[in-house]
Amino acid sequence: QVQLVESGGGLVQPGGSLRLSCAASGINFNIYALNWYRQAPGKQRELVAGITSGFNTNYADSVKGRFTISRDNAKNTVYLQMNSLKSEDTATYYCNANRQSALVIGSRIDYWGQGTQVTVSS
């Protein structure tokens, strides 16, 4: 079965760094676009960063220059390196993998991890 398992979250001080990992199984990892989303209490889930199967990346303005998304296809893993962390980065971070369906026109197949908590606090 398909599984996305996040790890690497925790408590970090402002200005510190964390590296999140998401290990995938049960999918042809190489053809999937990968994203990191986050959701803080009382807020909507937002896209933080994404990387395509062609290694193109995009970032939310709030994290641009501080976060880096990368993927290691040999390890079926996507990473989110988070530097210069701020209190407003506190959220549950979710890994997402998606691709265009080959069977249903205009549809997307996507999977989600269980989330990992990131808390930025002194």
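The values are calculated or read from the model by the stated rules, or taken from the named source; none is laboratory data. Computed from a predicted structure; not experimentally measured. Glycine gets a Cβ as well: all are built from the backbone with ideal geometry, and neighbour counts include every protein chain shown. What goes into the accessible areas is simple: the full protein's heavy atoms, side chains included, and nothing from ligands, DNA or RNA. Shrake-Rupley method; radii C 1.70, N 1.55, O 1.52, S 1.80 Å.
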Restricting attention to the alpha-carbon atoms of the stretch 10-122, what are Rg (one decimal) and Dmax (integer), both in Å? 14.3, 50
Rounded to one decimal in Å, the inverse mean reciprocal Cα-Cα distance for the stretch 1-75, i.e. its Kirkwood radius, is 13.8
With a Förster distance of 25 angstrom and the Cβ-Cβ distance between S107 and Q44, calculated FRET efficiency to the nearest 0.05 equals 0.65
By a straight-distance test (C-alpha under 19 Å), which aspartates and glutamates pair with K86 as possible cross-link partners, with residues fewer than eight away in the same chain excluded? E46, D61
Here the gain from full extension of Q3 to Q81, 0.36 nm per residue of separation minus their alpha-carbon distance, amounts to 26.0 nm
Among S21, S107, S53, residue whose mean-square fluctuation peaks in a GNM of the chain (springs only between Cα atoms under 10 Å): S107
Net dipole in debye of the stretch 71-122 [+1 Lys, Arg Cβ; -1 Asp, Glu Cβ; about Cα centre; nearest 20]: 180
Can you compute the charge dipole magnitude of the chain about its Cα centre, using +1 on each Lys and Arg Cβ and -1 on each Asp and Glu Cβ, nothing else charged? Give it in debye, rounded to the nearest 20. 80
Can you give me the accessible area per residue for the stretch 27-84, using a 1.4 Å probe, in Å²? 52
Roughly speaking, to the nearest percent, how much of the chain's 1.4 Å accessible area is carbon and sulfur? 47
Residue farthest toward the positive end of the dipole of the stretch 52-122, with Cβ of Lys/Arg at +1 and Asp/Glu at -1: which of V120, T90, T52? T52
Between the alpha carbon centres of the stretch 1-76 and the stretch 87-122 the gap in Å comes to 7
